[in-house]
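I have placed the structure first, in the form of structure tokens, so that the comments after it can refer back to it.
The values are calculated or read from the model by the stated rules, or taken from the named source; none is laboratory data. Computed from a predicted model, the values in this text were never measured in an experiment. Cβ coordinates were reconstructed from backbone atoms using ideal geometry, including for glycine residues, and neighbour counts include every protein chain displayed.
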Amino acid sequence: MTDLAEHIVKSFDLELERLRDLLVAMGGKVESQVAMATRAVVEGEPSFAVSAMEMDPSVDKLERDVEAFVMRLLALRQPLAGDLRQSVAALKLSSDLERIGDYAANVAKRSIVLAQFTLPFKLTGIANLSRQVQENLKLSIDAIGAMDAEKAIQVWHSDDAVDDIYTAIFRELITYMMEDPRSITPCAHLLFIAKNLERIGDHATNIAETVHYAATGNVLEGERPKGESSAYALVTPTD
């Protein structure tokens, strides 16, 4: 390899590293946004909700920054093989991260309404769901930074746990609504919050699939692991 060719390769490697750093920075901001939003729900503290919503524009800007960076790379570098996969994958990754930010902002907004109600039950299920989702999200973002296919697989296999917790929450909240019509409004908001958290988990899994493909060139084999679908959950009111 000539000195010029070696310089070009090293220069492009540095640009890919900067691209990953940009994605990790976006992921870190989204992580904080999700954490703030879920704390607003579980702790009933509106200031956390405001913080989560205020972060949304900066997440959107980072998505635009990633898109501009990738467009420049494609135009000037014309990458091939693994470099091309990583460049194009960055567009999908930033899109998933941006959608996670949107879901977090929606959770935050609903938490403000929810805080106006006195709930006759604890939010243990929501707390467990948010914890599992945040663990998967953190792992998926770590996978981006290292282009780590093994971490991506770990996230991929954890999605069914998120689905199972969501289904349990769905059944519990429907039961409360059937037993006491006064709980319908807060429970409806909690249903939307739980669904938003479940969708965040889905996008974390999307990220894992994209990282695995970018790192290995192989699509994860088989159907994505899924828990029991809430669409078919049977609810029996208690006596």
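In segment 109-155, the qualifying residues are those that are modelled with pLDDT under 95 and touching a Ser or Thr at 6+ places or on another chain (Cβ under 6 Å), and the one that is surrounded by the fewest Cβ atoms within 10 Å (Cβ to Cβ) is ALA149. When the residues of segment 112-149 are filtered to those that are of a type in the set (D, E, K, R) and out of contact with any helix residue (DSSP H, G or I) (no Cβ under 8 Å at 6 or more places or on another chain), the one that is nearest to ALA204 (Cα to Cα) is ARG131.
So which of SER94, SER87 ends up being surrounded by 16 or more Cβ atoms within 10 Å (Cβ to Cβ), of a type in the set (Ser, Thr, Tyr) and under 27 Å from MET36 (Cβ atoms)?
Working: SER87 fails: under 27 Å from MET36 (Cβ atoms).
Exactly one of SER94, SER87 is surrounded by 16 or more Cβ atoms within 10 Å (Cβ to Cβ), of a type in the set (Ser, Thr, Tyr) and under 27 Å from MET36 (Cβ atoms), namely SER94.
Anything in segment 32-54 that is in contact (Cβ under 8 Å) with a residue 24 or more places away in the chain and surrounded by 19 or more Cβ atoms within 10 Å (Cβ to Cβ)? List them, or say none. Scanning segment 32-54 gives GLN33, VAL34, MET36, ALA37, THR38, ALA40, VAL41, PHE48, ALA49, ALA52, MET53.
Let's see how each residue does on (1) touching a residue at least 24 places away in the same chain (Cβ under 8 Å); (2) more than 18 Å from ALA35 (Cα to Cα):
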residue: SER111; (1), (2): yes, no
residue: MET147; (1), (2): yes, yes
residue: GLU150; (1), (2): no, yes
residue: PRO186; (1), (2): yes, yes
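Would you check if ALA188 is small (Gly, Ala, Ser) and either in contact with a strand residue (DSSP E or B) (Cβ under 8 Å, 6 or more places away or on another chain) or closer than 28 Å to VAL219 by Cα (or both)? It is false that ALA188 is small (Gly, Ala, Ser) and either in contact with a strand residue (DSSP E or B) (Cβ under 8 Å, 6 or more places away or on another chain) or closer than 28 Å to VAL219 by Cα (or both).
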